[in-house]
Structures are given as structure tokens and as C-alpha cells.
Amino acid sequence: MEIKIGLAKTAKYAMEVCGDSCDIAERPHGGISAIIADGQGNGLAAHHTSGWVVNKAVQLITDGARDGAVARAVHDYLYAMKDKKVSCTLTVVSADLDTETAVISRNSNCPVIVRTEDYESVYDEPVEPIGVNRHMKPLMYEIPLEAGMLIVSYTDGIAHAGRKRTGHAADFDKIMEIVRKNKAEDAAFIAKSIMDYALTLDADKASDDMTVLVLGVTEGSSNPPRIEQIEVTYPY
């Protein structure tokens, strides 16, 4: 099998930097993790918070920490560093080849969508962000990896797109339609399509920082070359 990851991110309109951060970490026993974080507020202060959170998460994952422990440890650091006054959402989506499972750690007000050939699940139970409540716990989900699986998450800039302009937030059914119409091979396309939909609602002037994460599991070719690929586009 092969793991495909698509990430799309944009800053709030007229802001020089995005308050969201994202990154990818290779797991020491096989597999890969994708991390997205949304720092409180916008601009440089939010960027510093989310960037610090993501960098800490990457370090802990590559050191071999389990995803639930990663969320707790990063929370403890942020709680101490910002004196429990700054919050940050954090979602970690992992393809763990050691256990052959997808592991999701969620501290976000936005859902995580899982679609396979056999079922759909939306994980959207209420949960606290990291950084402000001493006894914070992440919501954890673990499901078997299988070809055709898609896992999608995003930050609240996507969920709230259109609200300031029209009074109506993004239609979750439209996001699900994008997910359902595409395959695991199209992870990058799905991420860009959801981003394009949200930006359309905001008339191409994002009302908040926006990030979309898509992880897809594909069959892979019968004799794949062992080449790992990452493609990045960074506007300036």
C-alpha cells in the first residue's frame, strides 16, 4: 500500500502570515503522521503558537512517542509556556505501519472525516483545545488501515467560511460531496478542492486562516520503486 497526503493552507485576507501550521513526520517504526494546528487569534502571534506546537509534535513523534502522549506533552508545554492563557487546536492523523492502523488524535472544534469503501464516519464530539485546561485529554480513534481509505480534517477557517459575508457557514454536505466524489489517490486534489470551495464562500478573501489535511491509503503498484515523494508549493 501507499500513503498519500494532501495539505492546503492559506492565511486570513490581508495577513502576511498564517496562524495555522502543518507538517509531516516519519514514524520511527514505519509510517507517517500529518499534524495541523490553529493558534489562538491571527497573524504572527498565532503563527508562533501553532508553529511551536507542530514542531514539538513532530519532535515527539520522531522520538517514538505515541500520539496520545504527544498531544498531552505538547499541551503541557503550551500550558506552562503561555501561562494557561493561549489555546491552540491540534489534530494528528497517522498511518502507523507498525500496528497497521490509522490513529487520529483530536483536540479541535472541527471534525475528522473517515471514508472507506464500506463505511463513513464523522468524528465531531466536543473536545477542548490544548493549552488552557490543566486536565485536557485528546480524543483518540484507531481503525485498521485499508486500501481506499480517506481521512480528512481542517481548521475552523474552513468550517466558518462564508459566515461573515453571507451569514451562513460552509455546508458540511458540500465538503462530504467532495470527499465522496474522489478517491484516495486524489488526496492533494481533495485538499485543494475543499480549500477552493471555502475561498469561494469568502469571495477569495479568507475571513480566517484555513488549513485542510487529507490522508489517503492506496493499493500501490505491484512492484513500486521505493521512492518517497513530497511536493510543496510555497507562495511569496
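In the set GLU219, GLU185, GLU231, GLU142, which member is surrounded by fewer than 20 Cβ atoms within 10 Å (Cβ to Cβ) and touching a Lys or Arg at 6+ places or on another chain (Cβ under 9 Å)?
Every option except GLU185 fails the conditions.
In region 111-148, what residues are part of a loop (DSSP other than H, G, I, E, B) and among the aromatic types (Phe, Trp, Tyr)?
Within region 111-148, TYR119 is the sole residue that qualifies.
Looking at region 189-211, which of its residues are closer than 16 Å to LYS4 by Cβ and open to solvent by less than 70 Å² (accessible area, probe 1.4 Å)?
Those that are closer than 16 Å to LYS4 by Cβ and open to solvent by less than 70 Å² (accessible area, probe 1.4 Å): ILE190, ALA191, SER193, ILE194.
Which members of region 4-20 meet the condition of being under 25 Å from ALA95 (Cβ atoms) and over 15 Å from the mean Cα position of the chain (by Cα)?
Passing the criteria: none in range.
When you look at VAL132, is it crowded, with 17+ Cβ neighbours inside 10 Å, more than 22 Å from VAL212 (Cβ to Cβ) and touching a helix residue (DSSP H, G or I) at 6+ places or on another chain (Cβ under 9 Å), yes or no?
Against the criterion (crowded, with 17+ Cβ neighbours inside 10 Å, more than 22 Å from VAL212 (Cβ to Cβ) and touching a helix residue (DSSP H, G or I) at 6+ places or on another chain (Cβ under 9 Å)), VAL132 qualifies.
Could you pull out the residue among LEU90, LEU78 that is farther than 19 Å from GLU142 by Cβ, open to solvent by less than 10 Å² (accessible area, probe 1.4 Å) and either in contact with a Phe, Trp or Tyr (Cβ under 6 Å, 6 or more places away or on another chain) or touching a residue at least 40 places away in the same chain (Cβ under 8 Å) (or both)?
LEU78
Look through region 93-110, keep the residues that are part of a loop (DSSP other than H, G, I, E, B) and without any contact (Cβ under 8 Å) to a residue 60 or more places away in the chain, and return whichever of them is farthest from VAL152 (Cα to Cα).
So, considering only residues that are part of a loop (DSSP other than H, G, I, E, B) and without any contact (Cβ under 8 Å) to a residue 60 or more places away in the chain, the one farthest from VAL152 (Cα to Cα) is THR99.
Taking region 93-115 as the region of interest, how many residues are more than 16 Å from ARG66 (Cβ to Cβ) and either surrounded by fewer than 19 Cβ atoms within 10 Å (Cβ to Cβ) or in contact with a His (Cβ under 7 Å, 6 or more places away or on another chain) (or both)?
The total comes to 1.
Pull up region 149-173, narrow it to residues that are aliphatic (A, V, I, L, M) and in a helix (DSSP H, G or I), then point me to the one that is most open to solvent (accessible area, probe 1.4 Å).
ALA159
Filter region 181-236 down to the residues that are of a type in the set (Val, Ile, Thr) and in contact (Cβ under 8 Å) with a residue 40 or more places away in the chain and list them by number.
Hits for region 181-236 are ILE190, ILE194, THR211, VAL212, VAL214, VAL217, THR218, ILE230.
If you go through region 2-58, how many residues are assigned to a loop (DSSP other than H, G, I, E, B), open to solvent by 20 Å² or more (accessible area, probe 1.4 Å), touching a residue at least 40 places away in the same chain (Cβ under 8 Å) and closer than 22 Å to ALA191 by Cα?
5
Just the residues that are of a type outside the set (S, T, N, Q) and at pLDDT 80 or above, please, taken from region 214-227.
Listed by number, the residues that qualify are VAL214, LEU215, GLY216, VAL217, GLU219.
The values are calculated or read from the model by the stated rules, or taken from the named source; none is laboratory data. Please read all numbers here as calculations on a predicted model, not as lab measurements. We place every Cβ from the backbone using ideal geometry, glycine too, and count neighbours over all the protein chains shown. What goes into the accessible areas is simple: the full protein's heavy atoms, side chains included, and nothing from ligands, DNA or RNA. Shrake-Rupley method; radii C 1.70, N 1.55, O 1.52, S 1.80 Å.
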